[in-house]
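Notes for the one structure printed next.
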Amino acid sequence: MVKGLPNWTAEGNIPDGMWPHAVDAVRSIAAQYGFGTSQITVDRPGDHEVVFHDQYPAELNVGTATHWLSSHRCCQEAWCTGAEAAVLAAENESPGQPVCSR
C-alpha cells in the first residue's frame, strides 16, 4: 500500500540564487533518514524540484515555484515518520516559515 503525508508549504519561494543551498541543506538532513539518492525533476528559472529516494522506495519531493513545497510518498507508516522528521529538520534550515497543511 502506498501512503503519503500531506503536502507542506511555506509562503513565498526560494530565490534561484539560494536554491542550491536549500537543496544541500535538505540533502544533508534527508541523508540522515536514509534518503541517499536524489533526482532533479524540474530545473528552470523560478521553478525547481528535487526528489530524494530511500531504499524502500519512499520519496521526499522538495520544490519551489510560487511557494516552498515538500511532499512525501511512502510504502509503510514507519518510513513516513522518517520522511516527516527529515522535512521538519530541513524546514528549520530553510528560509520562510513552514505552514503545515494537515
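Summary table
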read-out: Ranked packing of 36-46, 19-29, most packed first, by mean Cβ within 10 Å; value: 19-29, 36-46
read-out: Peptides 3-10, 51-58 ordered by average Cβ neighbours within 10 Å, highest first; value: 51-58, 3-10
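Values quoted throughout were computed directly from the atomic coordinates according to the rules given, and no laboratory measurement underlies them. Small disclaimer: the values here were computed from a predicted structure and weren't measured. Neighbour counts run over all protein chains shown; Cβ positions are idealised from the backbone, glycine included.
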